[in-house]
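Q: Sharing a structure, written as C-alpha cells. Questions coming.
The values are calculated or read from the model by the stated rules, or taken from the named source; none is laboratory data. Keep in mind that what you see is a predicted model, and the values were worked out from it rather than measured. Ideal geometry is used to build each Cβ from the backbone, glycine not excepted, and the neighbour counts take in all protein chains shown. Surface accessibility is based on the protein's heavy atoms, side chains included, excluding ligands, DNA and RNA. Shrake-Rupley method; radii C 1.70, N 1.55, O 1.52, S 1.80 Å.
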Amino acid sequence: MGPGSSAAPPPARENAAYNRQAAKADYQRPDTVPFPSNNTYSRARAGLGKALFFDPRLSSSGAISCASCHRPQFAWSDSAPTSSGVPGMPLKRRSPTILNMAWAAALFWDGRAAWLEEQALGPIQADVEMNMPLEKAIAVIAAIPGYQPLFAKAYPGEKIAGETVGKAIATFERTVASGMSPFDEWILGDESAQSDSAKRGFDLFKTKALCAKCHSGWNFTDNSVHDLGFVTQDRGRGKLLPQIEAAQFGFKTPTLRNIAQRAPYFHDGAVRTLEEVVDHYDKGPWQNRPSLA
Ligand code: HEC
Ligand code: HEC
C-alpha cells in the first residue's frame with residue numbers, strides 16, 4: 001500500500017454528483033399492470049390462461065406443462081442450470097423467470113419474440129419442450145369438457161384455437177408480477193425496511209459498480225441485450241443477426257426481481273451464487289471482443 005493509504009479514500013469521481021434520495025426516484029413501482037388493447041384483462045381470461053399454463057396434457061408425454069420449467073416455487077424459473085422438457089433432451093439455455101413479462105419489451109434471452117401471445121405457442125410445439133403439434137394440442141384442449149365453458153366466458157364468440165390459447169396464457173403471464181419487497185417499502189420511505197449494508201449496496205449498484213447502467217428502473221432491466229464477455233459458444237442475439245458485430249454474444253438484461261429465489265444464474269445457469277455473479281463482473285474471466293459491453 002502506498003503512502004497515505006490509511007486515510008479514508010477520496011470519493012470516486014463518478015460519485016461526486018450522487019445523491020441517494022434522488023437516485024431512489026427511479027425505482028417507484030408502477031400501480032397497474034399494462035395489458036394490450038387487443039387482449040385486455042378479464043378474470044376469466046387470466047383463469048383460463050392459468051389452467052393452460054399448468055396443464056401437462058398440452059405436451060406429447062402428458063407430463064410437461066409450462067410450469068415444469070417456469071416453477072412458482074423458484075420465482076417462475078427453475079433450480080437447474082438448464083431444464084429438460086422431453087426426457088434426455090436438455091435445453092441449451094436456462095429457463096428464465098416469467099415474472100414481470102407484462103413490462104418486457106422483447107422476449108427470450110436473445111429478444112427474438114415481441115409478444116407473449118405469439119410466444120406461448122412456441123414451447124407447446126418445440127420438440128425439446130412440450131413436443132406437441134399445435135393442431136393436436138388444440139384438439140386435446142377442445143375435447144376436454146371442462147375447458148369449453150372457460151373459453152366461452154373468456155373469449156365469447158371466438159373458437160378454441162391457437163389464437164385464443166395464446167391470448168389466455170399471455171393474460172395469465174401478465175398477472176405474474178413481483179410483489180412488494182423490503183426494497184419497495186424503502187423506496188416508499190420506510191428507512192427501517194432495509195439494512196444499512198443493503199443501502200450501501202444500492203449506492204454501489206447505482207455508482208461505482210455500474211450495475212444500474214443496464215439493470216435500470218424498478219424492474220432492474222433496460223430491456224436490451226449486452227455481451228458480458230462470457231466464454232461461450234452461444235452467440236445469443238448474434239445467431240439472429242450474424243452480420244452485426246455489436247449483437248454477437250448478446251443476451252437480454254434479466255430483471256433482478258426475486259433474484260435470490262432463482263439460482264443458478266445467467267443464460268446458461270453456469271454461476272451458482274450471487275456472490276459469484278458479482279465476482280464475474282469484478283474479475284471476469286471475460287473475452288475481450290468487439291461486442292463486449
Ligand atoms: C422444458 C422447459 C420449458 C417449458 C416446458 C416451457 N419453457 Fe418457457 N422457456 C424455457 C427456456 C429455456 C426459455 C429461454 C429460451 C431462450 O431464450 O432461447 C424460455 C422462455 C420463455 C419466455 C420468455 C421469458 C423472457 O425472459 O423473455 C416465456 C414468456 C416463456 N418461456 C413462457 C412459457 C410458456 C407459456 C410455456 C408453456 C406453453 C413454456 N414457457 C414452457 C423453458 C421452458
Ligand atoms: C452492460 C450491461 C450490464 C451491467 C453493467 C450489469 N449487468 Fe447484470 N446482466 C446483464 C445481462 C445482459 C445479463 C444476462 C447475461 C447472460 O445471461 O449471459 C445479466 C445478468 C445478471 C444477473 C443474473 C440474472 C439471472 O436471472 O440469471 C445478475 C444477478 C446480475 N446481472 C447482477 C448485476 C450486478 C450486481 C451488476 C453490477 C455489479 C450488473 N449485473 C451489471 C447486463 C448487465
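Q: Any chance you could count how many residues in segment 199-235 are open to solvent by less than 40 Å² (accessible area, probe 1.4 Å), of a type outside the set (Ser, Thr, Tyr), within 25 Å of Gln287 (Cα to Cα) and part of a loop (DSSP other than H, G, I, E, B)?
A: 6
Q: Moving on. Any chance segment 39-60 includes a residue that's open to solvent by less than 20 Å² (accessible area, probe 1.4 Å) and under 28 Å from Leu210 (Cβ atoms)?
A: No.
Q: Now a separate question. Is it fair to say Val231 is aliphatic (A, V, I, L, M), more than 7 Å from ligand 2 (Cβ to nearest atom) and touching a His at 6+ places or on another chain (Cβ under 8 Å)?
A: Details: aliphatic (A, V, I, L, M): yes; more than 7 Å from ligand 2 (Cβ to nearest atom): yes; touching a His at 6+ places or on another chain (Cβ under 8 Å): no.
The answer is no for Val231.
Q: Also, quick follow-up: Which residues, taken from segment 72-85, are in contact with a Lys or Arg (Cβ under 9 Å, 6 or more places away or on another chain) and within 11 Å of ligand 1 (Cβ to nearest atom)?
A: Of everything in segment 72-85, those that are in contact with a Lys or Arg (Cβ under 9 Å, 6 or more places away or on another chain) and within 11 Å of ligand 1 (Cβ to nearest atom) turn out to be Trp76, Ser77, Asp78, Ala80, Pro81, Thr82, Ser83.
Q: State yes or no: is Pro254 of a type outside the set (Phe, Trp, Tyr), within 13 Å of ligand 1 (Cβ to nearest atom) and open to solvent by 40 Å² or more (accessible area, probe 1.4 Å)?
A: yes
Q: Which of the residues spanning segment 98-112 are touching a strand residue (DSSP E or B) at 6+ places or on another chain (Cβ under 6 Å) and within 7 Å of ligand 1 (Cβ to nearest atom)?
A: Leu107, Trp109, Asp110
Q: Now a separate question. Is it the case that segment 114-123 has a residue that's within 16 Å of ligand 2 (Cβ to nearest atom), at pLDDT 95 or above, closer than 24 Å to Ala177 by Cβ and open to solvent by less than 50 Å² (accessible area, probe 1.4 Å)?
A: no
Q: Considering only segment 180-189, I want to know if a residue exists there that is more than 25 Å from Asp78 (Cβ to Cβ), outside any helix (DSSP H, G or I) and either near ligand 2 (Cβ under 10 Å from one of its atoms) or open to solvent by 30 Å² or more (accessible area, probe 1.4 Å) (or both).
A: Yes, segment 180-189 has at least one match.
Q: Looking at segment 22-38, is at least one residue open to solvent by 80 Å² or more (accessible area, probe 1.4 Å), at pLDDT 95 or above, small (Gly, Ala, Ser) and within 28 Å of Ala154 (Cβ to Cβ)?
A: Scanning segment 22-38, I find at least one residue that is open to solvent by 80 Å² or more (accessible area, probe 1.4 Å), at pLDDT 95 or above, small (Gly, Ala, Ser) and within 28 Å of Ala154 (Cβ to Cβ), so the answer is yes.
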